[in-house]
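Enquirer: My questions all concern the structure below.
Here, each number is a calculation from the coordinates, and none is a lab measurement. Values in this document were obtained by computation on a predicted structure and should not be read as measured data.
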């Protein structure tokens, strides 16, 4: 059984708008989030969706 890296389009479609919202929430001049709780939530969901997008799939 070989493990191969798969691409899950559902999580990619989730990650795209979350990434856009995260970039809008982040203030690049002061390197802080405008609303810290919402910014951290966006960051966590973005990272999880990227990890799940490229999760290894085992062949049965």
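Enquirer: At 0.36 nm per residue, minus the direct Cα-Cα distance, what do residue 7 and residue 21 gain on full extension? Give it in nm, one decimal, please.
Expert: Separation in residues times 0.36 nm, less the Cα-Cα distance, equals 2.8 nm.
Enquirer: While we're on this one: Under a 10 Å cutoff between Cα atoms, tell me which one of 37, 12, 21 has the largest fluctuation in the Gaussian network model of the chain.
Expert: Result for the chain, Cα springs under 10 Å: 37 fluctuates most.
Enquirer: Sum -39500 (n - 2.57) across every DSSP H segment of at least 4 residues in the chain, then divide by the residue count to get the 222 nm mean residue ellipticity, nearest 500.
Expert: About -19500 deg cm²/dmol.
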